Amino acid sequence: MDELVVRTTVYADPEDVYEFLLEFPRYARYTEYLRDVRTASGDGGPGTRYALTFAWWKLTYTAHSQVTGVEPPERIDWQITKDIDAGGCWRVTPHDDSCEVALEVEFDPDSASPDALDLPRLVSFDWVLTKAIPLIRGEAERVVERAVRDLEGSTRDVDLDVYVDSERI
């Protein structure tokens, strides 16, 4: 499994941060490639299912995810439910006047289903993976930075601690 962790300090109440992160449909505002997040079922807690529509290059793809567990106000676990073995969590660690927020993602690019995409003629699935996987890091960083802006109500330089265990990212 490849792994990516993006963490930073947020100057906000941990309970508010947790509730903010639980509101998954707002994430489409934070990324370049996520066009829409639709709640398929649930209220944000365990079992809640989402349809996430991504668009990149000439491709559009809808990923299906599910919240698999929550530990308020410290953790939200999720997984992708078809086409690729992927999952992760949001962690919120309280400190005196702030909290640390981490987005942790694990995925196995080799588990991606070539049947998941309707590719243009002469375009291979391997080519798409080679081009798309490196975008994951930038998107994760963008999501965390923009979420911090909304949580704190102002713009500042956000120091990100990024850990990558992957030869592809």
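Scanning the range 147-162 for residues that are at pLDDT below 90 and either hydrophobic (A, V, I, L, M, F, W, C) or surrounded by 10 or more Cβ atoms within 10 Å (Cβ to Cβ) (or both) gives THR155, ARG156. Within the range 74-92, the only residue that satisfies the criterion of being open to solvent by less than 50 Å² (accessible area, probe 1.4 Å) and of a type in the set (Phe, Trp, Tyr) is TRP90.
If you go through the range 91-150 and keep only what is without any contact (Cβ under 8 Å) to a residue 40 or more places away in the chain and touching a Ser or Thr at 6+ places or on another chain (Cβ under 7 Å), you end up with just ARG149. Return yes or no: is VAL123 β-branched (Val, Ile, Thr) and part of a loop (DSSP other than H, G, I, E, B)? Spelling it out, VAL123 is indeed β-branched (Val, Ile, Thr) and part of a loop (DSSP other than H, G, I, E, B).
Consider the range 62-73 and keep the residues that are surrounded by fewer than 17 Cβ atoms within 10 Å (Cβ to Cβ) and not small (Gly, Ala, Ser). The one that is farthest from VAL5 (Cα to Cα) is THR62. Cβ-Cβ contacts under 7 Å between residues 6 or more apart (or on different chains), taken from a first residue in the range 42-61 that is under 17 Å from PRO25 (Cβ atoms) to a second residue that is open to solvent by 30 Å² or more (accessible area, probe 1.4 Å) and of a type in the set (Lys, Arg), are listed as GLY42/ARG49; TYR50/ARG38; ALA51/ARG38; THR53/ARG35; PHE54/ARG35; ALA55/ARG35.
The values are calculated or read from the model by the stated rules, or taken from the named source; none is laboratory data. On a predicted model such as this, the values are computed, not experimentally measured, just so you know. Glycine gets a Cβ as well: all are built from the backbone with ideal geometry, and neighbour counts include every protein chain shown. In case anyone asks, the SASA skips ligands and DNA or RNA and just uses the protein heavy atoms, side chains included. Shrake-Rupley method; radii C 1.70, N 1.55, O 1.52, S 1.80 Å.
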